[in-house]
Amino acid sequence: VQLVESGGGLVQAGGSLRLSCVVSGCTFSIDYVGWYRQAPGKQRELVAGIISGGGTTNYADSVKGRFTISRNNGKSTMYLQMNNLKPENTAVYYCKTHSWPGDDSWGQGTQVTVSS
């Protein structure tokens, strides 16, 4: 599985960005897709995810109500809509897939910078 993110950039606090992640390769066994982020000096953390089977989503508490994860109908692209961005959302954002029985794939990351 190959993942390529795009859509990062510089935005003022209160603004919005939409990240995209194009998924290609052996995608038939993907059972989970998610967005993660890593800020300088911090560990990588989960932002949002979707379980493929039923479409159940989960979000970090800090982004609930502001961020939305989605996939297109063909499931070849996943998105992260980020609204009301805050300076503490500044990080490198990564998309990730998990494939049965236990393979993880990561994108290269896209930088999101929120100015105050």
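The values are calculated or read from the model by the stated rules, or taken from the named source; none is laboratory data. Only a predicted model underlies this, so the values are computations on that prediction, with no experimental measurement involved. Cβ sites come from the backbone with ideal geometry, for glycine too, and all protein chains shown count toward neighbours. Side chains included, ligands, DNA and RNA excluded: accessible areas come from the protein's heavy atoms. Shrake-Rupley method; radii C 1.70, N 1.55, O 1.52, S 1.80 Å.
Mind telling me which of the residues Y36, Y93, Y59 ends up being aromatic (F, W, Y) and either farther than 18 Å from V4 by Cα or free of Cβ contacts under 8 Å to residues at least 24 places away in the same chain (or both)? Walk me through it before giving the result.
Values: Y36 fails: either farther than 18 Å from V4 by Cα or free of Cβ contacts under 8 Å to residues at least 24 places away in the same chain (or both); Y93 fails: either farther than 18 Å from V4 by Cα or free of Cβ contacts under 8 Å to residues at least 24 places away in the same chain (or both).
Just one listed residue meets the conditions, Y59.
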Practice problem: Could you tell me whether A60 is surrounded by 13 or more Cβ atoms within 10 Å (Cβ to Cβ), farther than 18 Å from P87 by Cα, at pLDDT 95 or above and under 14 Å from the mean Cα position of the chain (by Cα)? | Solution: no
Exercise. Test G34 against the criterion of being of a type in the set (G, A, S) and touching a Lys or Arg at 6+ places or on another chain (Cβ under 6 Å), and give yes or no.
Key: yes
Quiz item: Give me the pairs: first residue in segment 1-14 and open to solvent by 80 Å² or more (accessible area, probe 1.4 Å), second residue outside any strand (DSSP E or B) and at pLDDT 95 or above, beta-carbon distance under 7 Å, and six or more apart or on different chains, which are they?
Solution: V4/G107
